[in-house]
Amino acid sequence: MRRPIAAVVTLLAVLPLAAHAAPLSGRWEGVFRGGRGDQPVTLICREGQGGTFTGLLYMSGDLMGPIENGRVAGDSLHFNVMNFGFRASRQADQMHVVLSIVHGQTHEMALHFTNPDTAALVQTPEANAAARARIEVAWDQVPDSVFAQHRVPAAAPIAVADAMRTGTLLLVGGGPAQDDVNAEFVRLAGGASARIVVIPTASTDPGQDDAALTDGDRWARSLGVAHATVMHTSSRREADSEAFVRPLRDATGVWLPGGEAGRILVSYLGTRTERELMAVLARGGVIGGTSAGALVWGSECQTFRATTDASPYRMGDANALILDDPRSVCFGALRQVVVAPHFTEFRMQPALAKTIAAKPRLLGIGIDEATAFEVHGSVGTVLGRGHVTVLSGAAAGDTTRKALSAGTRYDLARGSMR
C-alpha cells in the first residue's frame, strides 16, 4: 500500500504547478491589435460572490469603462464594457479574450496576470496632461464670424446643400475598417479610375503633422486602391491657400478618417479647403468619413465637457452635453442635421435624444459601427450590419425614433422612408 500512496502524493504535488490558475482578482495585461494599431490593455478584475465579478477596462491607459454583468463559471468569463461583449477563458496565469463588436467583427487578445492589485489605474499628472492634449482643440483660431456664418437659422427647414444634388456622402459609424464599405466608397469614386484624397487631420496628434503626410501607401492599401494622396494641415492659413487645395481639384473621392472632429473644423471650417470639398460633391464626387469624419457633415455637432481623465471612450455622456455651445457648427452639407457615430456601441442615444428634445428643429442621425449611411440628394440608404437611427423632434415636441436596417432608404427632407 505504501507505493500507490506515494505515487498519489507525488502526483498531487506536481499537478498544482502545472494546472493552478492565477486568482481572478487582480490586474491582467496584454495588447489589443485593432484598427488603431497596437493598444496596451489592462483588465482589472474584482471577484464577487455567487459567480460574479466587477472591475475596469483600460485601453492605452484610457478608462474604457466599468465591467458590467460579469459572470464566472469555472475558467470561463463573460462580461460587458459599454455595449461591447467579452468572453474569456483562463489557463494558469493566461487569459484568452474575445471582444465582440455589436454588428461588427470579433477580436482576440491574450492577457497575462501581472499582480493582485485591484485598484484603479492612477494617471500621473504628466499622463493626464498628455491625454488632455490629445483632445484639446484650439477653437480660438477660428474667428467668431466663421461660426456665425455656418449657423443655420432656427426657422430653416431640414434640407441638403446644393452640392448634394450631384454628390454623395458616405457616413460611417466608426469602428474597424469594413471591406464592404471601403469597396462602396471606391465604387462611388470611380472604381479603377478613382482619384482618392485622404485627410487624416482628425487622427493626427499635435506635432505629428509631417508624419501624417507619409502615410499615402498605407491608406491606399486600407481602401483597396493603387494610390492615395494625403492632405493635412493644422494651419488655417495653409488650408486657405491655393497650393494646399490643388489635389482636391482633381479628386473624385475624399476620405476623412476618425479621431477628434474639432481638429477638422478648426483647420478647415470657412477656408478654401471647405469650399473645395463642397466642389468635389458638386461635380458628382463622393466624400466618405468615419466617426469624426462623418459627424462634421451635419450642420451641428454635439459638444461635451471632457472627463477629468480625458478618456475618449466616455465623451458621449448626456450629463456632460453642452447644449448652448456657439461653436457646435459643422460644414452643413446636411442642414438642420446632427450626426452621432458609434451610436449603439458608445450608448449615444441619451445624449442625442437630449439634443433633439432641446432643439426639436434638428434631425438626429445615429449610425452604428460597421454601418454606413449613403446620402445622395436628400435620400440616405443604410449599408452594413448595424442600424441607422433617426430621431426627430418636430412632431408636437415629441421625439420620435426610427431604427433603419440595411437596404432601407430614408428621405431627410420629407422625414419619411422611401
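The values are calculated or read from the model by the stated rules, or taken from the named source; none is laboratory data. Values in this document were obtained by computation on a predicted structure and should not be read as measured data. Cβ coordinates were reconstructed from backbone atoms using ideal geometry, including for glycine residues, and neighbour counts include every protein chain displayed.
With ALA413, ALA372, ALA403, ALA396 as the choices, which residue is outside any strand (DSSP E or B) and either touching a Ser or Thr at 6+ places or on another chain (Cβ under 8 Å) or modelled with pLDDT of 95 or more (or both)?
ALA413
Name every residue in segment 338-354 that is crowded, with 24+ Cβ neighbours inside 10 Å and over 13 Å from the mean Cα position of the chain (by Cα), in order of residue number.
LEU352
Does ARG195 fit the bill of being over 20 Å from MET64 (Cα atoms), of a type in the set (Lys, Arg) and modelled with pLDDT of 95 or more?
yes
What number of residues within segment 235-271 are of a type in the set (S, T, N, Q), touching a residue at least 60 places away in the same chain (Cβ under 8 Å) and within 24 Å of SER328 (Cβ to Cβ)?
The qualifying residues number 1.
Within segment 162-179, can you find the residues that are within 25 Å of the chain's Cα centre (by Cα) and either at pLDDT 95 or above or among the β-branched types (Val, Ile, Thr) (or both)?
MET164, GLY167, THR168, LEU169, LEU170, LEU171, VAL172, GLY173
Looking at (1) surrounded by 13 or more Cβ atoms within 10 Å (Cβ to Cβ); (2) closer than 15 Å to SER25 by Cβ; (3) within 29 Å of the chain's Cα centre (by Cα), which is the only condition ARG90 fails?
Going through the list (1) surrounded by 13 or more Cβ atoms within 10 Å (Cβ to Cβ); (2) closer than 15 Å to SER25 by Cβ; (3) within 29 Å of the chain's Cα centre (by Cα), ARG90 breaks only (3).
Listed here are the residues, each with its yes/no results for (1) in contact (Cβ under 8 Å) with a residue 60 or more places away in the chain; (2) more than 21 Å from GLY393 (Cβ to Cβ); (3) not in a loop (DSSP other than H, G, I, E, B).
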residue	(1), (2), (3)
ALA306	yes, yes, no
TYR313	yes, yes, yes
GLY316	no, no, no
ASN319	no, no, yes
ARG327	yes, yes, no
GLY332	yes, no, no
THR344	yes, no, no
ARG347	yes, no, no
PRO350	no, no, yes
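If you take the residues of segment 254-279 that are within 13 Å of VAL198 (Cα to Cα) and among the hydrophobic types (A, V, I, L, M, F, W, C), which of them is nearest to the chain's Cα centre (by Cα)?
Here the residue is LEU256.
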